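Student: Got a structure for you, written out below as structure tokens; questions coming shortly.
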């Protein structure tokens, strides 16, 4: 998008671009095409570089380690990272639990947790969804019973992203079984090394290990690790989800993927002409780019609102819906572009000695895996059906 940047903005853009070019560890990721190929240190490498620079938490208030950037600077930061194809910092600590802690947490919690989130010393995962409580999150059953200065927690969480690497988990737990569903929930911070916690992998449809089940059996959690008031966790949960849904839009990274899609469509042929020149396919790409531009404008308005001191509102649901729909459309069109070459999905199969039997062009590598993996985006962070309900209630007043 062509924005009227000031000279200061252009200077900042050059600073960001140069910093990424000079400091991002590109060589670390050269052979890792899928997110599931990344190990813990791969995720943290860029995080630690940014922490040293003081740029790891653009959205935080300055007093807790934020950058103090304007909405335009945040936009530039996202754009340049998207254009460079960097591995984004993980959202669970920086963008999800940290805002809850610095907004609702005690001074002791802020002092204990925020510096370690900034530095990357603590890796966080999210304990929201349960086997019977996904979209209907308020029906969760994981129970915390207070005994003196501790809670005893029993239950399970599912679809827990990258829990196999996590040091801490933020959990919604039921502390009052007699209250209405949303009124008996508390927000706990739980050390993953606590006895009674078991993490079991869930292998997803693309063959990767990205999500897990987490089982909690008589897990002892200090009351001092409860954020805010007992039974008021639903308020904090909704606040966190607003931040999560805003980030899910991932406009800059979708723009990068659209550019890759167009490169593939120029390389692939239809009736001896580039596929991109096919009227039907070209129209689909054009529609996609128009929708992505509209989403980008909405994201900019949200950034401006947040910079003015307003937290994410119902517009975060709009960003989540459209952002995930666009992400899925990109992978669908990429599958269509590579055609039958998308079919052989050969994760973990040793192809040594089979090089004389290529399964397709290099740009077809990983296309199937990406398509399969991205089916999840319209479900996590609150399913898109639930987001439509939120918009109907909070925006339209229905």
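The values are calculated or read from the model by the stated rules, or taken from the named source; none is laboratory data. Only a predicted model underlies this, so the values are computations on that prediction, with no experimental measurement involved. Note: ideal-geometry Cβ built from the backbone for every residue, glycine included; neighbour counts use all protein chains shown.
Student: Go through 91, 99, 115 for me and flag whichever is modelled with pLDDT of 90 or more and out of contact with any helix residue (DSSP H, G or I) (no Cβ under 7 Å at 6 or more places or on another chain). Lay out the reasoning, then the answer.
Tutor: Numbers: 91 fails: out of contact with any helix residue (DSSP H, G or I) (no Cβ under 7 Å at 6 or more places or on another chain); 99 fails: out of contact with any helix residue (DSSP H, G or I) (no Cβ under 7 Å at 6 or more places or on another chain).
On inspection, the qualifying residue turns out to be 115.
Student: Considering only region 28-47, state which residues are modelled with pLDDT of 80 or more and either in a helix (DSSP H, G or I) or touching a strand residue (DSSP E or B) at 6+ places or on another chain (Cβ under 8 Å) (or both). Spell out how you get there, then give the answer.
Tutor: The first filter runs over region 28-47 and keeps only residues modelled with pLDDT of 80 or more, leaving 28-29, 38-47.
Answer for region 28-47, where residues must be modelled with pLDDT of 80 or more and either in a helix (DSSP H, G or I) or touching a strand residue (DSSP E or B) at 6+ places or on another chain (Cβ under 8 Å) (or both): 28, 29, 40, 41, 42, 43, 44, 45, 46, 47.
Student: Which residue is modelled with the lowest pLDDT, if the candidates are limited to region 205-238 and must be surrounded by 15 or more Cβ atoms within 10 Å (Cβ to Cβ), more than 17 Å from residue 185 (Cα to Cα) and touching a helix residue (DSSP H, G or I) at 6+ places or on another chain (Cβ under 7 Å)?
Tutor: 206
Student: When you go through 136, 149 one by one, which is the residue that is surrounded by fewer than 15 Cβ atoms within 10 Å (Cβ to Cβ), modelled with pLDDT under 95 and in the same structural domain as residue 220 (by TED's automatic domain parsing)?
Tutor: Working: 149 fails: modelled with pLDDT under 95.
When all the criteria are applied, what remains is 136.
Student: State whether one or more residues within region 380-389 are part of a loop (DSSP other than H, G, I, E, B), touching a helix residue (DSSP H, G or I) at 6+ places or on another chain (Cβ under 9 Å) and either modelled with pLDDT of 85 or more or within 15 Å of residue 208 (Cβ to Cβ) (or both).
Tutor: First, the residues of region 380-389 that are part of a loop (DSSP other than H, G, I, E, B): 380-383.
Filter again for touching a helix residue (DSSP H, G or I) at 6+ places or on another chain (Cβ under 9 Å), leaving 380-382.
Retained after the next criterion (residues that are either modelled with pLDDT of 85 or more or within 15 Å of residue 208 (Cβ to Cβ) (or both)): 380.
The answer is yes, given that some residue of region 380-389 is part of a loop (DSSP other than H, G, I, E, B), touching a helix residue (DSSP H, G or I) at 6+ places or on another chain (Cβ under 9 Å) and either modelled with pLDDT of 85 or more or within 15 Å of residue 208 (Cβ to Cβ) (or both).
Student: Is it true that some residue in region 64-71 is within 29 Å of residue 295 (Cα to Cα) and either in a helix (DSSP H, G or I) or within 16 Å of the chain's Cα centre (by Cα) (or both)?
Tutor: yes
Student: If we keep just the residues of region 264-285 that are part of a strand (DSSP E or B) and in contact with a helix residue (DSSP H, G or I) (Cβ under 7 Å, 6 or more places away or on another chain), which is surrounded by the most Cβ atoms within 10 Å (Cβ to Cβ)?
Tutor: First, pick out the residues of region 264-285 that are part of a strand (DSSP E or B): 269-270, 273-274.
Remaining after also requiring in contact with a helix residue (DSSP H, G or I) (Cβ under 7 Å, 6 or more places away or on another chain): 269, 274.
On the way: 269: 11, 274: 15.
Ranking the qualifying residues of region 264-285, first place goes to 274.
Student: Continuing with the same structure: Checking residue 236 against (1) in contact (Cβ under 8 Å) with a residue 12 or more places away in the chain; (2) assigned by TED's automatic domain parsing to the domain that holds residue 128, which single condition isn't satisfied?
Tutor: (2)
Student: Can you tell which of 14, 74 is out of contact with any helix residue (DSSP H, G or I) (no Cβ under 8 Å at 6 or more places or on another chain) and either over 26 Å from residue 166 (Cβ atoms) or part of a loop (DSSP other than H, G, I, E, B) (or both)?
Tutor: On the way: 74 fails: out of contact with any helix residue (DSSP H, G or I) (no Cβ under 8 Å at 6 or more places or on another chain).
Checking each option against the conditions leaves just 14.
Student: Follow-up. I'm trying to understand the selection: among the residues of region 49-69, which are within 26 Å of residue 258 (Cβ to Cβ) and modelled with pLDDT under 95?
Tutor: Selection gives 58, 59, 69.
Student: Additional query: Might you check whether a residue that is surrounded by fewer than 13 Cβ atoms within 10 Å (Cβ to Cβ), assigned by TED's automatic domain parsing to the domain that holds residue 336, part of a helix (DSSP H, G or I) and modelled with pLDDT under 90 occurs anywhere in region 286-300?
Tutor: Looking for residues that are surrounded by fewer than 13 Cβ atoms within 10 Å (Cβ to Cβ), assigned by TED's automatic domain parsing to the domain that holds residue 336, part of a helix (DSSP H, G or I) and modelled with pLDDT under 90, one finds at least one in region 286-300, hence yes.
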